[in-house]
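Inspection log for the structure reproduced underneath, given as structure tokens.
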Amino acid sequence: MTARGSSSQPPAAAIIMDSAQIRRALRRIAHEIIEKTAGAENLALVGIKTRGVPLARRLAGMICDTAECEVPVGVLDITLYRDDFRTREEAPIVGPSDIPFTVDGRTVVLVDDVLYTGRTVRAALDSLMDYGRPEVIRLAVLLDRGQRELPIRADFVGQEIQTEQDKEVRVKLKEIDGEDAVHLVNVPA
């Protein structure tokens with residue numbers, strides 16, 4: 001997520017999750033996925049770009065370590081499915097999706113970093129359906145910050161917090177940002 005507004009001073013931030021807390025949350029989510037999907041035999045994970053992708057890969061590794069199986073991981077770019085696609089000031093950068101397996105008849109777990117309004121997940125569901133018809137789709141998120149605008153909920157949640165509109169959750173992951181941390185940032189009006 002990016003900051004709204006501008007200021008000469010950086011916005012104040014509080015750490016919500018550090019590296020160890022992220023690792024524990026992902027390990028718990030991996031175990032919950034195994035339990036609720038009766039193993040990982042027909043399971044596939046699909047990470048929503050950008051930070052959902054490394055989270056999906058980490059979860060797949062943890063699931064494989066526990067269930068001793070192969071869990072395919074796909075990448076989903078939802079840019080063209082967003083409901084704000086035509087109203088954005090900046091031209092969107094569309095990247096490729098990469099789902100190198102059939103989703104038909106599978107249990108697919110969509111993975112993202114933060115669940116907020118639900119609009120990203122709605123776009124991901126629309127996009128995923130272009131690839132086939134999964135038996136069931138579940139949602140795993142590192143952080144659920146509440147304040148939904150659409151009737152969407154996560155099946156697997158690392159941590160839940162209630163935030164105010166003037167706050168922003170910023171997830172940093174080693175694979176992209178060089179560190180693992182989740183910050184709650186005050187965003188100037």
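What follows is calculated from the coordinates using simple rules that are stated; it is not laboratory data. Quick caveat, the model's predicted, so the values are computed rather than measured.
Structure values in brief
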read-out: Helix-only [θ]222 nm of the chain, DSSP H runs n ≥ 4, -39500 (n - 2.57) each, per residue, nearest 500; value: -8000 deg cm²/dmol
read-out: Among (1) 0.95; (2) 1.02; (3) 1.34, the entry derived from the coordinates for Cα Rg over 2.2 N^0.38 Å; value: (2)
read-out: Chain lengthening between A12 and V94 when straightened (0.36 nm per residue, less Cα-Cα); value: 26.4 nm
read-out: Among the listed pairs K49/K172; K36/K167; K36/K174, those beyond 25 Å (Cα-Cα); value: K36/K167; K36/K174
read-out: Contour minus Cα-Cα distance for H31 and E160 (0.36 nm per residue); value: 44.7 nm
read-out: Region 14-49 versus region 166-189: alpha-carbon centroid distance in Å; value: 19
read-out: Under the span-like rule (Cα at least 15 Å along the axis, Kyte-Doolittle mean at least 0.0), DSSP H helices of the chain; value: 52-67, 119-129
read-out: Relative contact order, percent, the chain [alpha-carbon distance under 8 Å, six or more residues apart]; value: 28
